[in-house]
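The values are calculated or read from the model by the stated rules, or taken from the named source; none is laboratory data. The structure displayed is predicted, hence computed values, not measured ones. Cβ sites come from the backbone with ideal geometry, for glycine too, and all protein chains shown count toward neighbours. Heads up: the accessible areas ignore ligands, DNA and RNA and are worked out on the full protein's heavy atoms, side chains in. Shrake-Rupley method; radii C 1.70, N 1.55, O 1.52, S 1.80 Å.
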Amino acid sequence: MSESGFSRLSDDVVLNIFFKLEDDPRNWARLACVSTKFSSLIRNVCCKSKCSQTIPSVVNDLLSTSASPSAVPPGGWASLYKLAVCCPGLLQAGVLLENSDF
């Protein structure tokens, strides 16, 4: 059985490519459908990074209630990212989207 080209790339290289496509949230959604490896990288690394950049106060509040620095918010990082992207009422609800480029 032959491996595909992307499966032989290290996670760092793949993530570097993914972060170049972060300007449109739909890009990551599409990539997550390609393979379980891509889906895992997007849900656990890309979404966490983007949430930490764009809504740091929310991330800090969620993680400060946990004893573990590697904690995951309820629903996971992808859910928090989707909420930040898709919920236009966050600002009116008092959630400050710092440095937002959504």
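In summary, helices (runs of 4 or more DSSP H) completely within segment 13-101 and bearing 3 or more residues that are open to solvent by 60 Å² or more (accessible area, probe 1.4 Å) and either in contact with a Lys or Arg (Cβ under 6 Å, 6 or more places away or on another chain) or at pLDDT below 90 (or both) occur at 56-64, 77-86.
For beta carbons closer than 9 Å, sequence separation of 6+ or different chains, a first residue in segment 11-24 that is over 17 Å from residue 81 (Cβ atoms) and a second that is assigned to a loop (DSSP other than H, G, I, E, B), the qualifying pairs are 17/9.
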